[in-house]
Structure formats: structure tokens, C-alpha cells
Amino acid sequence: MAQRVYSRLLAIVAALVLVASACTSSSQETKSAEDQQSSQSQGEETGSGSDGLASLRDEPAPPESFDGEPVGSALFGDRNDPAFPPPLIDPADIQSGGPPPDGIPSIDNPIFASVSDTDYLSDEEAVIVVEYGGQAKAYPVQVLIWHEIVNDTVGGEPITVTYCPLCNSALAFKRSFGSRVLDFGTSGELYQSALVMYDRQTESLWAHFTGQGIVGHFSGAQLELVPAQTLSYAAFAARYPDGLVLTTDTGFNRSYGLNPYVGYDDEATDPIGEFITQDIDDRLPPKTRVVGVLAPGGPVTVTLEDLSGTGVYELDAKAAGEGGPIVLFHAGGLMSSLDSSNIDEGRDVGQTGAYLARSEDGTNLTFTQNEDGQTFVDAQTGSTWAVTGNAIDGELEGQQLIAVPLLDTFWFAWSTYRPDASLVTL
């Protein structure tokens, strides 16, 4: 009970901090608001599942529902409007997280700097890395924790990068849908304690955790996932010395570098129960950190503790599917952003990656972790690899493994949204 009360108080305090921050934004933000006013394995066990989003309606909504002008607003209007396609969830299960729509403001005009010109990040701080179309960008969590959404373009493709602090989940999606390019904002609401986004073109509601339209004009729609990896800034800079880094020049006044969710990373505490309307899978404590892999054979779950103990884990053939072996890496050197009051003082939780374990000539590779706990070696050529999946020494130096979508998150969120995922015990 004390833990639940603590979690609730933590959420309330964080919401108040975020709302208060919204009231102290820059004059540019204030002017924008005024303008708007005048004119948002060892053993493998299949989860029993619950009523998670992934287990709901599989068939898409009629394509015609995605065309034409929006028929109403799911953000401000009647969410049971019969003009909408059927919702994927019960709209009553969407709950206010505290801030109003855009009270946590998205970044719509991101400004970047080169690695050589970036000096505000420590080596072990977390950044969300997106590589697409030959371009690599890093989105520091110390910035995203205050904004949750960045509407950007990477490699010429419109992409939205999203982060939910309550789930510790970072995902990126293409934001082109049909003839529209969507811009996303925060609704201020949660579904099963996870961020609910809305698009400004139709004011439909979307689940950050899956990229699915859940209520409104785009109910049943699915955004295309773009692999995003949470890495230490040092790992990003080493892998992408020519990469770009999101700056704190956002147009908003925020306490970048501070964590408004101090102590939320404590696995002994419960998630925010008031925001969860269904039973949580009790095979693991709710706040257990897990690595969720969207493998071709179905989603797979490995606890971060297990993976950190082995350093390397290869999925079994069933999970990997016909594309070939898939390997998971874990390396130290990444601090939790949800631990201490200063983000750059969080405990080391390590960083992960999932890759197709195959060289460029099609040779299957098997890996072990080196004694340094940071790099990996393949048995076939003796080449050395980084957690970013690139060979940094040896015969295969310069080669890059193909990334498989992976999500570092909490068990309560992953098991709720991916109830069909297997749980692997190492």
C-alpha cells in the first residue's frame, strides 16, 4: 500500500512539475499559444495474455475511413461518435494523466548540432538513436523526458520520435500516412499508464506503445515502425561521429538534465495503478526492466537482469523465423534516466541491441562477450563488435549487422501491450 501511495504521489508531483513548466515557457511558446487562440532460453513460456491492445481487433478498419476530411475530434469531441471507425479500446479506459493536451509540448522544430559541437551530455547519458536513409540522429532523454514527442525528418523521411517516462519506452514511427504527413502532440492522457498521442490533422488518438490509432478518424490505422535504440551518448558518438544531436534550443524553458520522476525506476515500487484498468501479468514484478524483441516469429521477452548476466543471447529458431539467427547484446555504460534527480547520476543499467546474426556474405555468426563487458567477438572470424552492431576490429571490420526492432521498457507495459510475447528465462 505504501508503495502504491508513493507511486501515485510521484505521478502527481511529476504532473504538477510538467504543468508548472508549461506555464513558464519562453516568449516564443507564449506567442504560439496566443496565435492558436486567435485562429496537439532456456525455457520459453508463452504469456497467457489479457485484454492488452495487441490482443484486440486484428482486422484493419475500412480503408475509406482513412480518407477524406476528419469527421470529428477524438481529442475534444465525442469518442463514441458513430461516424468514427470502431475504436480499438474502450474509450472510457483512457484516463487523464494530469496535463492538458500539449501541456507537455512536443518539439516541432528540432534544432541539431554535430557531435563535435555537443558539450551538454555526459558519456553515459541515454539518447534515443534513429538511423534512416543514411542519416543518424540522437535524441537525448534529458530533453525527451520533458517533451515526449519530436516531429522530425530523418534521411528525408518524416518521422516522429516518442518517449514515455512512465513506461521507459522509446519508439519511432514514420508519420506519413496515405496522402497526409501527420504531426503528433501529447493528449495529456494515458492508456494503461502509457502515453496517448494525437495527430493534429484529424485529432485522432494513437497508442505510443504500438503506433496504432485507437480512437477517432484513424482508429485501426497502423504507423510503420522505425527501429530506435536507446544508447549511451558515448556509444552513439563512437558509432556515428558525423551524426546529429538534438539540442536544448527547443523554444521552451525546461530543466533539462533534471529528472521530474525521481525514484520511479525503483523496481520495488508499483506502476501508477489508477492509470491501469486491467490485471497486470504477475509472472514478473511490474517494474522489472525487460528487453522486448519484435522478432519475425513473434515478440520475445528477456529480463534485463538475465541479459546483463550473459551479455549475449541468441533467440531460438522458432522466434527468429526464416530470416536467420537473431542475437541480443548487452553492454554496460548507460545510466537510468529515471533514477536520481540529476539524470547524469543515475545507476548503470546498460544498453542493448538486437541484430540479425549474419555477415554481409550471408555467413551465420555466433557471439560471446569479451571480458571488458563492452564488446563482443564472433567465433567464425574472431572479429570484434560493438553493442551498436558494427564490427570495430578484425576481418569483418566496417560491417554492420541488420537491426531488429527492440524495446527497453518495464514489464507491466510490455506484457499489457504485447500479451502474446513469450518470456524467456536464461
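FYI, it's all coordinate maths here, none of it is from the lab. As the structure is a computational prediction, the values presented were derived from the model and not from experiment. Counting neighbours? That spans all protein chains shown, and the Cβs are built from the backbone with ideal geometry, glycine included.
What's the center-to-center distance, using Cα atoms, between the stretch 168-241 and the stretch 77-156 in Å? If we compute the Cα centre of each part, the gap is 7 Å.
Which stretch or stretches of the stretch 93-136 have amide N atoms under 19 Å from the point lying 7 Å from T248's Cα along the Cα→Cβ direction? The answer is 105-128, whose backbone nitrogens lie closer than 19 Å to the label point. Given their separation in residues at 0.36 nm each and the Cα-Cα distance between them, E397 and D420 gain 4.5 nm when the chain is fully extended. Check the straight Cα-Cα distances from K174 and name the aspartates and glutamates below 17 Å, setting aside those fewer than 8 residues away within the same chain. Qualifying aspartates and glutamates at Cα under 17 Å: D108, E131, E148, D152, E157, D183, D199, E224.
3J(HN,Hα) along the stretch 153-161: 10, 10, x, x, 9, x, 9, 10, 10 Hz, from the Karplus curve 6.51 cos²θ - 1.76 cosθ + 1.60 with θ = phi - 60°, whole Hz, x for Gly and Pro.
Taking amide H positions as modeled 1.01 Å from N, with prolines and chain starts lacking one, the residues under 5 Å from A295 and 5 or more places away or on another chain are V300.
Only bridges whose two residues both fall in the stretch 284-425 count here: according to DSSP, what percent of them are antiparallel, nearest 5? Spell out each step's value before the answer.
Numbers: 32 of 35 bridges.
Once the DSSP bridges in the stretch 284-425 are tallied, antiparallel ones form about 90 percent.
The Cα atoms of the stretch 184-284 give a gyration tensor whose axes a ≥ b ≥ c have a/c of 1.5 or more with a/b no greater than b/c, which makes the shape oblate. Here the Karplus curve 6.51 cos²θ - 1.76 cosθ + 1.60, taken at θ = phi - 60°, turns the phi angles of the stretch 246-261 into couplings of 4, 8, 8, 7, 9, x, 10, 8, 9, 8, 4, x, 9, 10, x, 10 Hz, with x standing for Gly and Pro.
Taking amide hydrogens as placed 1.01 Å from N in the peptide plane, the amide H of T288 sits under 5 Å from those of W411, F412, each at least 5 positions away in sequence or on another chain. Restricting the stretch 306-383 to chymotrypsin sites (Phe, Trp or Tyr not before Pro) that sit in a DSSP loop and have at most 11 other Cβ atoms within 10 Å of their own Cβ leaves nothing. Each residue of the stretch 106-116 is assigned a 3J(HN,Hα), and the resulting list reads 5, 9, 9, 10, x, 10, 10, 10, 6, 4, 5 Hz, derived from the Karplus form 6.51 cos²θ - 1.76 cosθ + 1.60 (θ = phi - 60°), x at Gly and Pro.
Counting Lys and Arg as +1 and Asp and Glu as -1 over every other residue whose Cβ lies under 14 Å from the Cβ of L231, the net charge comes to -4. Length available on full extension from A317 to L225: 0.36 nm per residue minus the Cα-Cα distance, which gives 30.8 nm.
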